[in-house]
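Just below is one structure, and these are the notes that go with it.
Bear in mind these aren't lab numbers, they're just calculated from the coordinates by the rules spelled out. Fair warning: this is a prediction, and the values are worked out from it, not measured in the lab. Cβ placement follows ideal geometry from the backbone for every residue including glycine, while neighbour counts extend to all protein chains displayed.
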Amino acid sequence: MSKHKGIRLIVGLGNPGEKHEQTRHNAGFWFVNTVAARESATFKHETKFKGEVAHFSCQGGKIWLLKPHTYMNHSGESLRSFCDFYKIPSEQILVAHDEIDLPNGEVKIKWSGGHGGHNGLRSIFLHLSKEFWRLRIGVGHPGHKDQVVGYVLNKINQPDRAEIDGAIIDAMNTLVECVEGDMETAIRKLHTKD
């Protein structure tokens, strides 16, 4: 068992492939890609985990980044095989995902809760657990539930993407606290910024 109490694995949810790259549903991928770029971590495809894996060092611990390549609806399969292999308990996982119930560009950390219709979270519940930390990246709501699928799967416009990129930077500035297991401070820092 690791001496680590904080986050050891950051998972970005999204869909693989170029046509999905610029869609709101890939906000989780955008987050882990940004973290990897800042930490000079390189993603490598790992067949046994059905995804791309990278790692970096933070506060003396090894922090993993995972991008499942199973498509959103099966994200939990990738996550389960990774956590089983590295013996990472679900409470040491931070799952970054797009959140239609938050305004575009707003970002919040949350412990556990429901899946809110998000198929990536639904898959993680099924294969792993409901007890994990989430980084909810607000992408806004199209206004009607019938429009949600098209909204999250279509290409994002530049102003909205710029707002989300700003929120991702804000969230990255709580990484040290997350890794140290000081989620209260991370939440306060992120939720009370002006």
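In the structure shown, do any of LYS44/LYS108; LYS44/LYS110; LYS62/LYS130 have a Cα-Cα gap over 26 Å, and if so which? Going by Cα-Cα distance, LYS44/LYS108; LYS44/LYS110 fall outside the 26 Å limit. Here LYS5 is the anchor, and the aspartates and glutamates within straight C-alpha reach of less than 20 Å, apart from those fewer than 8 places off in the same chain, are ASP84, GLU91, GLU131, GLU177, GLU180, ASP182, GLU184. Residues of region 112-133 falling in the label zone of ASP84, defined by backbone nitrogen less than 11 Å from a point 7 Å along Cα to beta-carbon, are 128.
Placing +1 on each Lys and Arg Cβ and -1 on each Asp and Glu Cβ, with no other charges, gives the chain a dipole about its Cα centre of roughly 480 debye.
Each Cα pair under 8 Å and six or more residues apart adds its sequence gap; the mean of these over the residue count of the chain is a relative contact order of 26 percent. The Kirkwood hydrodynamic radius of the chain, based on inverse pair distances between different Cα atoms, is 16.4 Å.
Packing, as the average of other Cβ atoms within 10 Å across residues, places the peptides 180-186, 57-63, 131-137 in the order 131-137, 180-186, 57-63, highest first.
Per-residue packing, averaged as other Cβ atoms within 10 Å, sorts the ranges 10-22, 32-44 into the order 10-22, 32-44, beginning with the highest.
Close amide H contacts of GLU52 (hydrogens built in the peptide plane, cut-off under 5 Å, sequence separation of 5 or more or a different chain): GLU46, LYS67, HIS69.
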